[in-house]
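One structure is given below, encoded as structure tokens.
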Amino acid sequence: MHRLMSELCDPGDTRMVPATKSLRPPDSFRREAEAFGLAFDSGDLERLGSYLAMLLDANTRFNLTAISDPDGAWIKHIFDSLTLLPYIASAQATRVIDVGSGGGLPGVPLAIAIPAMQFTLLEATGKKAKFLRDVIQALELSNVEVINDRAETLGHDPHHREHYDVVVARAVGRLATLLELTVPLAAVGGHVLTIKGRKAIQEISDAKKALHLLHCAVVETSHTPTGTIVVIKKLRGTAKRYPRRPGEPKRAPL
């Protein structure tokens, strides 16, 4: 777990490391983690390795990731996901939702690292949602729930709209589209954290209209060894018309 997260973790956590195959982290992962300030509790690396083994195994049957090399996956999936930890810590979050979770990134690694925090994994594809439920059961992650639905629909559900302290998303789409799928789920004053690539600054520029219409602002960008973290703060409540109907945010971004 990240050193900044120590106060958020449950000192009484007694989860057993699952008796499933676990991939060992390469030296490159350990070096990157140490340089970034990550330190792990007993069992964290084994549980992360078990998750990664399940992800790569399932990927041979249906598409979850383009990365099939275990060493590369430790860096590009696990480490990349964990770079969000200090931002979640600074937001003092208790409820986090991962929109478009896919194979569980970044939500599953974050939930492993912070067992005292509640995570929701939102995934529209039934096959992927079932995989996520299998992961949750195998790893005994009692702090995670999986919802098989679209963000456009959940964003209007009163039990979820403006409910989450932090919304995270990775590899879901360009920022102008992603904002409409994520911001309605964030509480006023909450944050959206998204991991972007080399075109992050251009995406922010292209999303100016969406930022204005959704009453939010980019408050920080941070380059990491694996990407660019964009931190968006929700300033006011979201207009009732957003998000628009399923498919519309992608077809015609704000």
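Read the figures in this text as sums done on the coordinates, not as results from a lab. None of the values given here were measured: they were computed from a predicted structure. Heads up, the Cβs are rebuilt from the backbone with ideal geometry, glycines too, and the neighbour counts pull from every protein chain shown.
If the reach is capped at under 27 angstrom between alpha carbons, list the lysines near Lys233, excluding any in the same chain fewer than eight residues apart. Reachable lysines: Lys76, Lys196, Lys199, Lys208, Lys209, Lys250.
Using θ = phi - 60° in the Karplus curve 6.51 cos²θ - 1.76 cosθ + 1.60, the 3J(HN,Hα) couplings for region 107-113 round to x, 5, x, 5, 5, 5, 6 Hz; x is entered for Gly and Pro. Amide H contacts of Asp98: Thr120, Leu121, Leu122, Val168, each under 5 Å away and 5 or more positions distant or on a separate chain (H built 1.01 Å from N in the peptide plane; Pro and chain starts excluded). Could you tell me the calculated FRET efficiency between His215 and Ala116, based on Cβ-Cβ distance and R0 = 41 angstrom, to the nearest 0.05? It comes out at approximately 0.85. Using only the C-alpha atoms, the convex hull of the chain corresponds to 114 Å³ per residue. Working note: Karplus 6.51/-1.76/1.60 with θ = phi - 60° gives region 141-148 the couplings 8, 6, 9, 10, 10, 10, 10, 8 Hz, where Gly and Pro are set to x.
When only alpha carbons of region 106-184 are considered, Rg and Dmax amount to 12.6, 36 Å. Once you have a ≥ b ≥ c as the square roots of the Cα gyration tensor eigenvalues for region 180-237, tell me rounded if a/c is under 1.5, and otherwise prolate or oblate according to whether a/b is larger than b/c. It is prolate, given that a/c is not under 1.5 and a/b is the larger ratio.
Exposure proxy ranking for His223, His77, based on other Cβ atoms within 10 angstrom of each Cβ and starting from the fewest, stands as His223, His77.
Charged side chains reduced to their Cβ positions (Lys and Arg at +1, Asp and Glu at -1) give the chain a dipole of some 1120 debye around its Cα centre.
Take the Cα radius of gyration of region 131-254 and divide it by 2.2 N^0.38 Å, N being the number of residues; the result is 1.07. Working note: 222 nm ellipticity from helices only, DSSP H runs with n ≥ 4, each -39,500 (n - 2.57), summed and divided by the residues of the chain, gives -9000 deg cm²/dmol to the nearest 500.
Would you work out if region 75-140 is rounded, prolate or oblate? Take a ≥ b ≥ c from the square roots of the eigenvalues of the alpha-carbon gyration tensor; rounded if a/c is under 1.5, else prolate when a/b is larger than b/c, oblate otherwise.
prolate
Projecting the Cα atoms of Ser68, Leu82, Val218 onto the charge dipole of the chain, computed from C-beta unit charges around the Cα centre, puts Val218 farthest toward the positive end. Each listed q (0.14, 0.19 Å⁻¹) maps to a log10 I(q)/I(0) for region 18-162, found by the Debye formula over equal Cα scatterers with no solvent: -0.64, -1.19.
Convex hull over the Cα atoms of region 153-194, averaged projected area in nm²? Can you show the working numbers first?
Details: hull surface 10.9 nm².
Seen from a random direction, the Cα hull of region 153-194 projects 2.7 nm² on average.
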